[in-house]
Amino acid sequence: MIKGILFDCGGVLVYPKNGYWQRPVDIDGITGGRKLRYDPAAAAAAFEKYSYILDEGQLISGLGHEYKLRLKFYTLMNEALGTGLSGQELHAIAHSLTYNQTRYALYGDTAGALEQLKSEGRYRIGFLSNAMPSMIRALTNSGIADGLDCFTVSCILGCQKPEERIYLTALRELELQPEECAFVEDLPGNLDTARRLGMKTIRMKRPFYCLSGIQDFVFDGPEAENLADVARLIHQMDEGRTDGCAG
């Protein structure tokens, strides 16, 4: 019997309002509408080189620490690509990505579906997310984290999905065994670890991600496009009509 549900956050409950996790919603205001020109291949290489700075699996002590990491990352990217951003603009970009909560948006069904699940009292509900402090603050201020049984986040633990430790921490906080818990996530690689541990798994395929290439990854298990689908699949798992292990 399923007694708990763990939800990933980005791509499952929340998305970046402008379509980009690493682009400020107010970038035109920051740059005065100036178009930043750079070679896409060079940008991809630079991102790969410096992405460790924004690794969500490191311990990040708070918003101030996140801001410093983002400033370092964009300063190095600016130097590598020659985009000509001033020091003031770089500070503004780092500040916006850290402190501007309007860059996050809840999917239309998120608040209502979570409130319904919590009010039913049938399942223990938790979040299991690779995230920065800015995401934690946005989710907390949105109200959807109220009444959770666990809120397990990578930057607090110093490890991230798909490492087993973060899943086991969430299960311990829920006081559940793996087979008693369902995990809802958009990335198949993160679902693989949950499945290996014995958890039921559901892949979320929100329409937003159809443009990102994430949908190209193969997952051979139950899939959902919204939280109503998730609830239906979990009920089917409880009734033995699908096992949450393979399609």
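The values are calculated or read from the model by the stated rules, or taken from the named source; none is laboratory data. Since we're looking at a predicted model, the values are computed, not measured. FYI the Cβ positions are ideal-geometry reconstructions off the backbone, even for glycines, and counts take in every protein chain you see.
Exactly one of (1) modelled with pLDDT of 95 or more; (2) under 15 Å from the mean Cα position of the chain (by Cα); (3) under 22 Å from residue 17 (Cα atoms) is unmet by residue 166. Its number?
Exception for residue 166: condition (3).
Does residue 140 qualify as being out of contact with any Ser or Thr (no Cβ under 8 Å at 6 or more places or on another chain), hydroxyl-bearing (Ser, Thr, Tyr) and in a loop (DSSP other than H, G, I, E, B)?
Criteria not met by residue 140.
The rows are residues; the columns are (1) touching a strand residue (DSSP E or B) at 6+ places or on another chain (Cβ under 9 Å); (2) in contact (Cβ under 8 Å) with a residue 24 or more places away in the chain; (3) more than 21 Å from residue 239 (Cα to Cα); (4) hydrophobic (A, V, I, L, M, F, W, C).
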position	(1), (2), (3), (4)
153	yes, yes, yes, yes
159	no, yes, yes, yes
164	no, yes, yes, no
182	yes, yes, no, yes
188	yes, yes, yes, no
191	yes, yes, yes, yes
203	yes, no, no, no
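Do we have any residue at all in the stretch 164-173 that's among the small types (Gly, Ala, Ser) and outside any loop (DSSP other than H, G, I, E, B)?
Yes, that holds for at least one residue.
Hey, any hits in the stretch 43-51 for a residue that's crowded, with 16+ Cβ neighbours inside 10 Å, without any contact (Cβ under 8 Å) to a residue 60 or more places away in the chain and more than 21 Å from the chain's Cα centre (by Cα)? Spell out how you get there, then give the answer.
Kept after step one, since they are crowded, with 16+ Cβ neighbours inside 10 Å, are these residues of the stretch 43-51: 46, 50.
Now restrict to residues that are without any contact (Cβ under 8 Å) to a residue 60 or more places away in the chain: 46, 50.
Pick out the ones that are also more than 21 Å from the chain's Cα centre (by Cα) and you get 46.
So far as the stretch 43-51 goes, yes, one or more of its residues are crowded, with 16+ Cβ neighbours inside 10 Å, without any contact (Cβ under 8 Å) to a residue 60 or more places away in the chain and more than 21 Å from the chain's Cα centre (by Cα).
Among the candidates 97, 117, single out the residue that is within 24 Å of the chain's Cα centre (by Cα), within 21 Å of residue 148 (Cβ to Cβ) and aliphatic (A, V, I, L, M).
117
Looking only at the stretch 113-124, which residues are modelled with pLDDT under 95 and either among the small types (Gly, Ala, Ser) or assigned to a loop (DSSP other than H, G, I, E, B) (or both)?
Across the stretch 113-124, the qualifying residues are 119, 121, 122.
Quick test for you: out of 151, 127, pick the one residue that is surrounded by fewer than 21 Cβ atoms within 10 Å (Cβ to Cβ), assigned to a strand (DSSP E or B) and either more than 16 Å from the chain's Cα centre (by Cα) or not assigned by TED's automatic domain parsing to the domain that holds residue 54 (or both).
Details: 127 fails: surrounded by fewer than 21 Cβ atoms within 10 Å (Cβ to Cβ).
Exactly one residue qualifies, and that residue is 151.
Go through (1) within 19 Å of the chain's Cα centre (by Cα); (2) more than 22 Å from residue 162 (Cβ to Cβ) for residue 136 and report which single condition fails.
In the conditions (1) within 19 Å of the chain's Cα centre (by Cα); (2) more than 22 Å from residue 162 (Cβ to Cβ), residue 136 misses (2) alone.
Test each condition in (1) among the charged types (D, E, K, R); (2) over 24 Å from residue 17 (Cβ atoms); (3) in the same structural domain as residue 8 (by TED's automatic domain parsing) for residue 72 and report the one that comes out false.
Every listed condition holds for residue 72 apart from (3).
Using the structure shown, decide if residue 228 is under 26 Å from residue 104 (Cβ atoms), at pLDDT 95 or above and over 19 Å from the mean Cα position of the chain (by Cα).
yes
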